[in-house]
Amino acid sequence: MSADVRILAAEPNCHLFGDNGCGFTPPTIGMFFPEPWYTNIPGSAGIDLYLVLLLVAVGAVLLLWSWFSRKLSLVPGRRQSVGEMLVLFVRDQITRPTMGAKGDRFLPFMTAVFTLILAMNFTGLIPGMLPVNSNLAFTAMLAAVIYVMTIVIGIRNQGGWGYFRNQIFPPGMPKVIYILVTPIEILSVFLIRPVTHALRLFATMFAGSLLLAVFAYGGWYMLNLTAGPVLSTVSVLFSGAALLGYLAFFLFEILIMAVQAFIFTLLASLYINQSLEAAH
């Protein structure tokens, strides 16, 4: 949600029940383009909300891992055990299944990616705020980092021409088939893959935030305590149903945020694995 919700809440006469002369105003994509904060700062266009939320997410991850790693010991305490469980989850569910034992050297990076994306998604749980990843610029940045990293790793492990050759000329195929396969591989590996990597995370966070806003807008619009005894009761029932829907989807959205962080990190691990060695 964004400031649009607060603006709507400031219009007490705009409700479904009763003669108030206004209709339902649904949320729009404008909620994802909030006005900058502190625009009166000399020489500045203001402070971007998404940048603030990104800094909050990064700070939360740094504090979390600082807390997990404080006073490490051979016999882990409760705090250290939670951190180790998270690392083992990334290792056993992401890096080992996709890269095998050689993926252990990427475990710190993958753990950082997973927890950062999770924190960037969870900023949408702050009342009145949005997930950082509901802005395409940030998911594109994350996907670009993985994209460049896979190319660099591929060149280092397979050689410059060797890496690109293995990507666009998959081994084991009749040469005549390359006429069809090579253009598809070029589009898939060097264009479609990074684009879909960014869009998948962005679209899910965008849609989830918009749906939550629909429940919030609709619930407020259907509530009218000044419409008379009968209509007031009906409005409370309708608004209560919208509130229950909001709470249910809010809990579901937490699961979706975690799943999307997992999927993004899993795909990153798969792409890096393809750069570590040529397909056979």
Discussion item. Looking at (1) open to solvent by less than 60 Å² (accessible area, probe 1.4 Å); (2) in contact with a Phe, Trp or Tyr (Cβ under 9 Å, 6 or more places away or on another chain); (3) closer than 29 Å to ILE117 by Cβ, which one does SER235 not meet, given that it meets all the others?
Written reply: (3)
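Kindly check whether there is at least one residue in region 127-139 that is more than 30 Å from LEU247 (Cα to Cα), crowded, with 20+ Cβ neighbours inside 10 Å and not aliphatic (A, V, I, L, M).
We begin by selecting, within region 127-139, every residue more than 30 Å from LEU247 (Cα to Cα); these are none.
Looking through region 127-139, none of the residues is more than 30 Å from LEU247 (Cα to Cα), crowded, with 20+ Cβ neighbours inside 10 Å and not aliphatic (A, V, I, L, M).
Condition first: without any contact (Cβ under 8 Å) to a residue 40 or more places away in the chain and either surrounded by 16 or more Cβ atoms within 10 Å (Cβ to Cβ) or among the aromatic types (Phe, Trp, Tyr) (or both). Now tell me which residues in region 219-232 satisfy that. Before the answer, list the steps.
Start the filter on region 219-232 by keeping residues that are without any contact (Cβ under 8 Å) to a residue 40 or more places away in the chain, which leaves 219, 225, 229-230.
Result: GLY219, single match.
Within region 40-50, identify whether any single residue is in a loop (DSSP other than H, G, I, E, B), modelled with pLDDT of 85 or more and either farther than 27 Å from ILE272 by Cβ or open to solvent by 70 Å² or more (accessible area, probe 1.4 Å) (or both), and answer yes or no. Walk me through it before giving the result.
To start, the set of residues in region 40-50 that are in a loop (DSSP other than H, G, I, E, B) comprises 40-46, 48.
Restricting the remaining residues to those that are modelled with pLDDT of 85 or more gives 48.
Those still in the list that are either farther than 27 Å from ILE272 by Cβ or open to solvent by 70 Å² or more (accessible area, probe 1.4 Å) (or both) too: 48.
Yes, because at least one residue in region 40-50 is in a loop (DSSP other than H, G, I, E, B), modelled with pLDDT of 85 or more and either farther than 27 Å from ILE272 by Cβ or open to solvent by 70 Å² or more (accessible area, probe 1.4 Å) (or both).
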Worksheet item: Can you tell me which residues in region 95-105 are touching a helix residue (DSSP H, G or I) at 6+ places or on another chain (Cβ under 6 Å) and either polar (S, T, N, Q) or under 13 Å from LEU267 (Cβ atoms) (or both)?
Response: THR95, THR98, MET99
Practice prompt. Determine if region 183-197 includes at least one residue that is open to solvent by 70 Å² or more (accessible area, probe 1.4 Å) and in contact with a Leu (Cβ under 9 Å, 6 or more places away or on another chain).
Written response: no
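Residues that are at pLDDT 80 or above, closer than 25 Å to ALA207 by Cα and either open to solvent by 70 Å² or more (accessible area, probe 1.4 Å) or under 23 Å from the mean Cα position of the chain (by Cα) (or both): does region 81-98 have at least one?
Among the residues of region 81-98, not one is at pLDDT 80 or above, closer than 25 Å to ALA207 by Cα and either open to solvent by 70 Å² or more (accessible area, probe 1.4 Å) or under 23 Å from the mean Cα position of the chain (by Cα) (or both), which makes the answer no.
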Item to complete: Please work out which one of (1) open to solvent by 70 Å² or more (accessible area, probe 1.4 Å); (2) touching a helix residue (DSSP H, G or I) at 6+ places or on another chain (Cβ under 9 Å); (3) not in a helix (DSSP H, G or I) is the condition PRO108 fails and give its number.
Response: (3)
Response to the item:
How many residues of region 239-262 are among the aliphatic types (A, V, I, L, M), touching a residue at least 24 places away in the same chain (Cβ under 8 Å) and open to solvent by 50 Å² or more (accessible area, probe 1.4 Å)? The answer is 2
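Looking at ALA9, ALA57, which is the one that is surrounded by 11 or more Cβ atoms within 10 Å (Cβ to Cβ), at pLDDT 80 or above and closer than 22 Å to GLY124 by Cα? Spell out the reasoning first.
Numbers: ALA9 fails: at pLDDT 80 or above.
Step by step, each of ALA9, ALA57 is checked, and only ALA57 is surrounded by 11 or more Cβ atoms within 10 Å (Cβ to Cβ), at pLDDT 80 or above and closer than 22 Å to GLY124 by Cα.
The values are calculated or read from the model by the stated rules, or taken from the named source; none is laboratory data. Remember, predicted model here, so these are calculated numbers, not experimental data. A quick note on method: Cβ atoms are made from the backbone with ideal geometry, for glycine too, and the neighbour counts reach across all protein chains shown. SASA here: full protein model, heavy atoms, side chains in, ligands and nucleic acids out. Shrake-Rupley method; radii C 1.70, N 1.55, O 1.52, S 1.80 Å.
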